[in-house]
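Below: one structure, written as C-alpha cells.
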Amino acid sequence: MKNIHPKHAPITQFPLSEDCLEVGGMSLLRLAQRVGKTPFYAYDRQLISDRVALLRSHLPAEVHIHYAMKANPMPAVVQHIANLVDGIDVASVGELGVALDTPISPSQISFAGPGKRDNELSCAIAAGITLNMESEQEMERIATFGQSLGICPKVAIRVNPDFELKSSGMKMSGGPKQFGVDAESVPSMLAQINKLGLHFEGFHIFCGSQNLNAAAIQEAQEKTIELGLRLAEHAPDPIRILNIGGGFGIPYFPGEKDLDVISVSKNLHRLLDEKKQQLTNTKIAIELGRYLVAEAGIYVCRVLERKKSRGQVFLITDGGLNHHLAASGNFGQVIRKNYPVVVGNKIVGQERENVSVVGPLCTPLDLLADQIEMAKADVGDLIVVFQSGAYGLTASPTAFLNHPPPMEVLV
Ligand SMILES: *Cc1c(COP(=O)(O)O)cnc(C)c1O
C-alpha cells in the first residue's frame, strides 16, 4: 500500500485493489458485508503466521517464542497462534481456560500476574502449568494448595530486576514495583523452594513493553541473562527455563519506526553463544504480545454523518473509544497522537481533506483521529484504524454508554 500518511511508518502489510483495502484475501467492502454489521475488528491470520516466521528466521533456533495472550485473547486468534509458537503466557484464570483449549501442552503455559486468587492458583496447579510467582506470600499459598490437591506445583520466580528497559512505552521493572520479587530477595525465596515441595523451573524477568529501540532491548536482554545466571547459582537445581521477557514494540504514531529485529536477533545469537556453557540445560524464552498480532489487525467503523463545525469537518462514525480506547489516546498515552487511519474503501480517493474522526459518545475524548488527512469520505464509507490487532477490544470500556459491542473476525 502506498504510504498515505507520510509521517507514519508505511503500512505495507495489506494489499490494495481498486483503491480498496484487502484483508484476508477479500476486499474490505465484501468483508463488511460478510461480517454483517459495523464496527468490527478483523485479524489477518496469514499476517500473524508471517510475523512468527519472520522472527524464527532471525532469532537463534533455540529461543522459544511465547505468546502473551492479553494482547489479543480472541479464542480463534489464540488457537491460530498456538500452532505457531512454543508457549502461551496467561495472566488470569479466564485466559488460562482459552490457552488450555488450544493444542499447546500445559507444560508450555505459564501464568504471571500479581494478586492471583485462590481458585486461580488451584486451577493452575491442577492444570499442570507453570506459575510465575510474584511474591513470597504467593509461594507459600501455592505450596499449601499443592499439598491439599496432592499435586507438586511447577513454579518459576518472576524477578523484579534492579534495572529498567530504557525508552519503553511501559516500564515494568527497576525500582519499587508491584510485579515480581525484588532481585535481592530471590536467594532467600530459593532457599525454601525444596522444603515447600515445589518443582522449580526457573526465572521470568520482564522489563517493559512497546519498545522500538533495538539498543535498549539488547542492553536489557544482556543484563537479564546475566541476572538470571547469577540468581541461578542460588537455585536448588539447574534452571530449566529463563524467560527473558519481550517488549518488542510496533510503530503506532507519526515519527515512529519499525523495531530492528535483525539487530536484536544478532545480539541474542552473540549473547547465547557467549553463555552456552552456563545455559546447556536451560531453555531461553521470549514473550511477545503486540509484536505478533498488532499489525495484523484493523478496526473498522462506518461514517454515519459528515458534520461541519466552524470550518472543521467531523466524520461521525458508529465506532469510538468504547471499542478502541487506545486509538482514542486514552490507554496510557501522555500526549494524544493519531494512529494511522484511512478510508478503507477509498484509500487514495479523488479528493483529499483534513478531518476529525469521532464516535457517537457524549465526550470529547471520543476521537479516533484528530485533524488527519484522508480521502474525502461520504456517509456509509468505512473508516479503518490500522495497528489494531492488540489491546483493542479487550482493553476498551465496551459498557460505556451501552452501545452494542463490535464483532471480531479472524480472516
Ligand atoms: C503484557 C505483558 C506482555 C506483553 O506485552 P506486549 O507489549 O504486548 O508485547 C508480556 N509479558 C508480560 C509479563 C506482560 O505483562
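A few notes on this one:
- Lone unmet requirement of (1) within 23 Å of Leu198 (Cα to Cα); (2) assigned by TED's automatic domain parsing to the domain that holds Val357 for Leu242: (2)
- First in segment 201-216 and more than 24 Å from Gln333 (Cβ to Cβ) and among the aliphatic types (A, V, I, L, M), second anywhere and in a helix (DSSP H, G or I) and modelled with pLDDT of 95 or more, Cβ under 6 Å, 6 or more apart: Ile205/Thr224
- In the set (1) part of a helix (DSSP H, G or I); (2) in contact (Cβ under 8 Å) with a residue 24 or more places away in the chain; (3) exposed (fewer than 15 other Cβ atoms within 10 Å of the Cβ), Leu272 fails one condition alone, (3).
- Residues in segment 321-339 that are open to solvent by less than 40 Å² (accessible area, probe 1.4 Å) and on the phi < 0 side of the Ramachandran plot: Leu321, Asn322, His323, His324, Leu325, Ala326, Ala327, Ser328, Asn338, Tyr339.
- At least 3 residues being touching a Leu at 6+ places or on another chain (Cβ under 7 Å) and either open to solvent by less than 50 Å² (accessible area, probe 1.4 Å) or not small (Gly, Ala, Ser) (or both) is the threshold, and among the strands (runs of 3 or more DSSP E) wholly inside segment 18-113 those reaching it are 20-23, 40-43, 64-68.
Every residue, every condition in (1) open to solvent by 10 Å² or more (accessible area, probe 1.4 Å); (2) away from the ligand (no atom under 16 Å from the Cβ), yes or no:
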site	(1), (2)
Glu184	yes, yes
Leu190	no, yes
Ile193	no, yes
Gly197	yes, yes
Phe200	no, yes
Gly208	no, no
Leu212	yes, no
Gln218	yes, yes
Gln221	no, no
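- Residue satisfying all of: in segment 237-287; of a type in the set (Gly, Ala, Ser) and within 15 Å of the ligand (Cβ to nearest atom); farthest from Leu131 (Cα to Cα) among these: Gly249
Table: residues versus (1) away from the ligand (no atom under 16 Å from the Cβ); (2) polar (S, T, N, Q); (3) closer than 27 Å to Met74 by Cβ.
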| residue | (1), (2), (3) |
| --- | --- |
| Val98 | no, no, yes |
| Thr102 | yes, yes, yes |
| Asn119 | yes, yes, yes |
| Met133 | no, no, no |
| Glu136 | yes, no, no |
| Arg158 | no, no, yes |
| Gly169 | no, no, yes |
| Ser173 | no, yes, no |
| Pro187 | yes, no, no |
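- Within segment 340-350, the set of residues being open to solvent by less than 10 Å² (accessible area, probe 1.4 Å) and touching a strand residue (DSSP E or B) at 6+ places or on another chain (Cβ under 7 Å) comprises Val341, Val342, Val343, Gly344, Ile347.
The values are calculated or read from the model by the stated rules, or taken from the named source; none is laboratory data. All values derive from a computational prediction rather than experimental measurement. So basically every Cβ, Gly included, is an ideal-geometry build from the backbone, and we count neighbours across all protein chains shown. With ligands, DNA and RNA removed, areas are computed over all heavy atoms of the protein, side chains included. Shrake-Rupley method; radii C 1.70, N 1.55, O 1.52, S 1.80 Å.
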